């Protein structure tokens, strides 16, 4: 059974800080790892990672995957209050398209 | 706005009842996925349909069923409801090439239906 563990469970920072969120996984026949941001309702897609060592970047957010050590990190620089959300990591295997999610990291950014 | 729509937004019902949740995927997406999010279990995959056919099943209870119609909208039916079924139910869709089997396409989530069973 595929498994995803995220850490920390929650994090409180101040605006301008840089944060790193962690995601480790155990997957049979790994295909891809995805990051989502969940505010009040629907998770919104951030990144999909399939290859080790290639950084994906979007504005202040970036993510990288290490397929040897089976983890990914999501970095947010110069955090803003609007970054406050639950960040979800999910993996997909070669058997199908379903996503297995981690428990999420709840980030709170204080002004 | 992801382009995936779900109705209703909220649903309050009693134990033992049956409800139907509806989802319309993004235009052009053939695959629909249903997920349940509860406080203690997190986001869990229930079932996937591709172009009207069931493609994958996760931890879906026998009391729950789903279908995808020719216009590609999907319905999730929950019956004999229990208190523990109270949760957010999300629908997601993707282009899902490869006949709905594993692909590199991301999934886009709808706003969810919050089900409360009293």
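Any idea what the relative contact order of segment B:19-118 is, in percent, if you count C-alpha pairs under 8 Å spaced at least 6 apart?
With pairs under 8 Å counted, the relative contact order is 31 percent.
Tally the DSSP beta bridges in the protein assembly as shown and give the antiparallel ones as a percent, rounded to 5. All intermediate terms of the calculation are to be shown ahead of the outcome.
Values: 76 of 85 bridges.
Roughly 90 percent of the DSSP beta bridges within the protein assembly as shown come out antiparallel.
Considering Cα pairs under 8 angstrom that are at least six residues apart, work out the relative contact order of chain A and quote it in whole percent.
On the way: 284 pairs, mean separation 41.7, N = 111.
Relative contact order here is 38 percent.
For A:89-98, what's the mean count of beta carbons from other chains sitting within 10 Å of each residue's beta carbon? Intermediate results must be reported in sequence, preceding the final value.
Working: counts 0, 4, 0, 6, 1, 2, 3, 11, 19, 14.
Partner Cβ neighbours, averaged per residue: 6.
In segment A:3-110, what is the volume of the convex hull around the alpha carbon atoms, normalised per residue and reported in Å³? Display every interim value, and only then the final one.
Values: hull volume 9.5 nm³, N = 108.
That works out to 88 Å³ per residue.
Out of all DSSP beta bridges in segment A:3-110, what portion is antiparallel? Express it as a percent rounded to 5.
Working: 39 of 44 bridges.
Percentage antiparallel, nearest 5: 90.
Provide a whole-number value for the mean count of partner chain Cβ atoms within 10 Å of the Cβ atoms in peptide B:39-45. Write down the numbers at each step before the final one.
On the way: counts 0, 0, 2, 9, 12, 4, 7.
Across the residues of B:39-45, the mean count of other-chain Cβ atoms within 10 Å is 5.
Tell me the label-point distance for the pair residue A:62, residue B:118, using the 7 Å Cα-to-Cβ offset, in nm and rounded to one decimal.
Distance between the two pseudo-spin positions: 5.2 nm.
How far apart, in nm, are two points set 7 Å out from the Cα along the Cα-to-Cβ line at residue A:22 and at residue A:95?
Taking the simple label geometry, residue A:22 and residue A:95 are separated by 2.7 nm.
For labels at residue B:17 and residue B:54 in the simple 7 Å Cα→Cβ model, what's the distance in nm?
Taking the simple label geometry, residue B:17 and residue B:54 are separated by 2.6 nm.
In what order do A:14, B:73 fall by count of nearby beta-carbon atoms within 10 Å, going from fewest to most? Could the numbers behind the result be given before it?
On the way: A:14 11, B:73 15.
Fewest-to-most Cβ neighbours within 10 Å comes out as A:14, B:73.
Tell me, what is a quarter of the convex hull surface for the C-alpha atoms of chain B, in nm² with one decimal?
Working: hull surface 27.1 nm².
The Cα convex hull of chain B, projected and averaged over all directions, gives 6.8 nm².
May I ask you to sort B:32, B:4 by Cβ crowding, counting other Cβ atoms within 10 Å and putting the fewest first? Provide the component values of the computation, followed by the final result.
Numbers: B:32 33, B:4 23.
With the fewest neighbours first, B:32, B:4 line up as B:4, B:32.
At a Förster distance of 41 Å, what's the computed FRET efficiency of residue A:39 paired with residue B:62, Cβ-Cβ distance as r, to 0.05? Don't skip to the end; give the middle numbers.
Working: r = 33 Å, r/R0 = 0.82.
In this case the efficiency is close to 0.75.
Could you list B:75, A:26 in order of exposure, starting from the residue whose Cβ has the fewest other Cβ atoms within 10 Å?
Details: B:75 16, A:26 13.
Ordered by Cβ neighbours within 10 Å, fewest first: A:26, B:75.
Every number here is computed from the coordinates shown, using simple stated rules; none is lab data. For clarity, every value in this text was computed on a predicted model and none was experimentally measured. In this analysis, Cβ positions are derived from the backbone assuming ideal geometry, glycine residues included, and neighbour counts consider all displayed protein chains.
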